[in-house]
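A quick write-up on the structure given underneath.
The values are calculated or read from the model by the stated rules, or taken from the named source; none is laboratory data. Just so it is clear, the structure is predicted and the values come from calculations on it, not from any experiment. Ideal geometry is used to build each Cβ from the backbone, glycine not excepted, and the neighbour counts take in all protein chains shown. Ligands, DNA and RNA are excluded from the accessible area calculation, which covers all protein heavy atoms including side chains. Shrake-Rupley method; radii C 1.70, N 1.55, O 1.52, S 1.80 Å.
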Amino acid sequence: MTGKSQGERRVGLLNGFAAYGMWGLVPLFWPLLKPAGAVEILAHRMAWSLVFVAVALLFVRRWAWAGELIRQPRRLALIALAAGVITINWGLYIWSVNTGHVVEASLGYFINPLVTIAIGVLLLKERLRPVQWAAVGVGFAAVIVLTIGYGQPPWISLVLAFSFATYGLVKKKVNLGGVESLAAETAIQFLPAVGYLVWLSVQGESTFTSEGAGHVALLAATGVVTALPLVCFGAAAIRVPLSTLGLLQYLAPVFQFLLGVLYFHEAMPAERWAGFALVWLALTLLTADAWRSARRSRVAELSVPKVDRPRSAAVDA
């Protein structure tokens, strides 16, 4: 590996740690926005995210994709679907953090890989390896244990996991870059968000101008909090292997879980520990299987003999 490629990999890893680290620590941010309610915070997040990514795109002068997208109704419809699904995800996550459900929210992102696999089987007719089936089965058992522990299905975790997995599936079909996709989604969200904020202000229930300049700055910062990790993730995705990103993705829910238990002091009775332990076992099986599969693929590629192409006359000359 050359010094340049090593440097690129190092930059990619740093960006990956930054992206998942910010996503993992974001539960510390949402409580700072009180007394704003979850829906008001969500509306500001949608509006300010568009402002932030629009400035970023202006800076890098990357707008050609927008004209192409407008001429493709099917992709526009998928973008609208992605915007709707991520609105549910964002809103529920903010509400969960600000009402003392950080641990249950973290569970949603732990089980997200299992839900993604289930969607692949049910909708895309993908075939699973035996270890993947075992992981899904252990994950299902975990949900049953947690349902008994909570006295009801862990609906926050399930909605977060299914909404984010659906969002990922739709984005895969849209095939648009991370920043560009966020710009398109927030452009769809922008008018409803601003309309809600105006209505809230008319009703005298907006906190935007009633809690001081610091509160205004924090609400505006929701755009940075949303877009900056995505920019770092994009920088990581083009520099490090997918298998490495797959391992890094667990940083976010690990940080969220630790914050929920150690910082927010949320209850973790024995049955919840048992449920989480089953989820972590399922993820260990998935990770080990993915790692083994990636190694086999690399060995297979290296074992294929390279065929020397005849040099052209122009090269010989």
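For the reader, a short list of remarks on this structure follows.
- Zone of Gln203's modelled label, taken as backbone nitrogen in region 24-41 under 13 Å from a point 7 Å along Cα→Cβ: 37-41
- Remark: region 30-163 carries a charge dipole of roughly 520 debye about the Cα centre, counting +1 on each Lys and Arg Cβ and -1 on each Asp and Glu Cβ.
- Trypsin sites (Lys or Arg not before Pro) restricted to region 120-178 and DSSP loop, no more than 15 other C-beta within 10 Å: Lys125, Arg127
- Whole-percent pair-distance distribution, where bins are 10 Å wide, for the alpha carbons of the chain: 5, 22, 31, 25, 11, 4, 2, 1, 0
- For the chain, complete DSSP H runs whose alpha carbons reach 20 Å or more along their own long axis and whose mean Kyte-Doolittle score is -1.0 or higher are 3-25, 38-60, 73-98, 130-150, 155-174, 178-202, 222-237, 270-303.
- Panel note: the C-alpha atoms of region 14-142, placed on their principal axes, show extents of 48, 42, 31 Å (largest first).
- Averaged over its residues, the chain has an accessible area of 54 Å² per residue, based on protein heavy atoms and a 1.4 Å probe.
- Estimated [θ] at 222 nm from DSSP helical runs (n ≥ 4, -39500 (n - 2.57)) normalised by residues in the chain, nearest 500: -25500 deg cm²/dmol
- Residue ranges 233-241, 206-214 sort as 233-241, 206-214 when ordered by packing (mean number of other C-beta atoms within 10 Å per residue, highest first).
- Label-reachable residues, region 97-120, where backbone N falls under 14 Å from a point 7 Å from Thr284's Cα toward its Cβ: none
- Since only Ala64, Trp30, His44 are under comparison, the one whose Cα sits farthest along the positive direction of the charge dipole of region 1-97, derived from C-beta charges on Lys, Arg, Asp and Glu, is Ala64.
- Net dipole in debye of the chain [+1 Lys, Arg Cβ; -1 Asp, Glu Cβ; about Cα centre; nearest 20]: 1340 debye
- Gain in span if fully extended, Glu126 to Ala64, counting 0.36 nm per residue against the direct Cα distance: 18.9 nm
- For peptides 188-200, 68-80, sequence by mean Cβ density within 10 Å, most packed first: 188-200, 68-80
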